[in-house]
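Please read the structure below before turning to the comments.
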Amino acid sequence: MPIRLAARAVLIHDGKLLLVNAYPGDASNLWCAPGGGAEMHVGLPENLAREVYEETGLNITVGAPCLVNEFHAPDRGFHQVEIFFRCTLTSGTLSHDWRDPEGIVTRRRWFHENELASVRLKPDRLPDVAFSTGIAYDPLENIVS
């Protein structure tokens, strides 16, 4: 199986970071940045804008990359590389009524920076990168759920 490429949004609005949960009900308390797998022959920014809209109902402008993350499940032959981009909200608001058409994202929420220390999220470097101007690499690790 080839390495899967994904794009994710680092979206700060009113001092809060947008995170999503892709597990039904209370199956997992793991949060991550919105985004998803890249489709062939479509640029990463276009893929990301589509994924963010599908998962959240928000429209964004995609900026520069700021984080590269890798995770894998060797026993399943799965390896994903994620490119995180700094994004800007252009329109929309989060709504409890919004439904991801693919049924993957079940919850979406804005988090203050000071809340993130108590939130289970991946990748580990995301809060540091989100609230700074730097760029980072989060090394390969086993997938978690």
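The values are calculated or read from the model by the stated rules, or taken from the named source; none is laboratory data. As the structure is a prediction and not an experimental result, all values here were calculated from the model. FYI the Cβ positions are ideal-geometry reconstructions off the backbone, even for glycines, and counts take in every protein chain you see. Calculation scope for accessible area: heavy atoms of the full protein, side chains included, ligands and nucleic acids excluded. Shrake-Rupley method; radii C 1.70, N 1.55, O 1.52, S 1.80 Å.
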Item to check | The one condition in (1) of a type outside the set (S, T, N, Q); (2) open to solvent by less than 50 Å² (accessible area, probe 1.4 Å); (3) touching a residue at least 40 places away in the same chain (Cβ under 8 Å) that GLY92 fails to fulfil | outcome: (3)
Checklist entry - Just one of the numbered conditions (1) at pLDDT 95 or above; (2) closer than 17 Å to ARG108 by Cβ; (3) of a type in the set (A, V, I, L, M, F, W, C) is not true of VAL68; which one? => result (2)
Checklist entry - Within region 61-78, how many residues are open to solvent by 30 Å² or more (accessible area, probe 1.4 Å), closer than 17 Å to CYS32 by Cα and not aromatic (Phe, Trp, Tyr)? => result 4
Next on the checklist: When you scan region 43-60, do you find a residue that is closer than 23 Å to ASN29 by Cα, in a loop (DSSP other than H, G, I, E, B), in contact with a helix residue (DSSP H, G or I) (Cβ under 9 Å, 6 or more places away or on another chain) and open to solvent by 30 Å² or more (accessible area, probe 1.4 Å), even just one?
Outcome noted: no
Checklist entry - Pick from region 24-40 the residues that are under 18 Å from VAL129 (Cβ atoms) and in a strand (DSSP E or B): which of them is least open to solvent (accessible area, probe 1.4 Å)? => result GLY35
Checklist outcome for this item: The lone condition ILE104 fails out of (1) out of contact with any Ser or Thr (no Cβ under 9 Å at 6 or more places or on another chain); (2) in a helix (DSSP H, G or I) is (2)
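For the structure I just gave you, tell me whether GLU70 is touching a strand residue (DSSP E or B) at 6+ places or on another chain (Cβ under 6 Å), in a strand (DSSP E or B) and under 16 Å from LEU5 (Cβ atoms). Can you show your working first?
Working: touching a strand residue (DSSP E or B) at 6+ places or on another chain (Cβ under 6 Å): yes; in a strand (DSSP E or B): yes; under 16 Å from LEU5 (Cβ atoms): yes.
In short, yes.
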Next on the checklist: Tell me whether region 35-42 contains one or more residues that are out of contact with any Asp or Glu (no Cβ under 8 Å at 6 or more places or on another chain) and closer than 13 Å to PHE85 by Cα.
Outcome noted: no
Checklist entry - Give me the pairs: first residue in region 102-120 and under 16 Å from VAL52 (Cα atoms) and open to solvent by less than 50 Å² (accessible area, probe 1.4 Å), second residue among the β-branched types (Val, Ile, Thr) and outside any helix (DSSP H, G or I), beta-carbon distance under 8 Å, and six or more apart or on different chains, which are they? => result VAL105/VAL20; ARG108/VAL20
Checklist entry - open to solvent by 50 Å² or more (accessible area, probe 1.4 Å), in contact with a helix residue (DSSP H, G or I) (Cβ under 7 Å, 6 or more places away or on another chain) and hydrophobic (A, V, I, L, M, F, W, C): does that describe ILE3? => result no
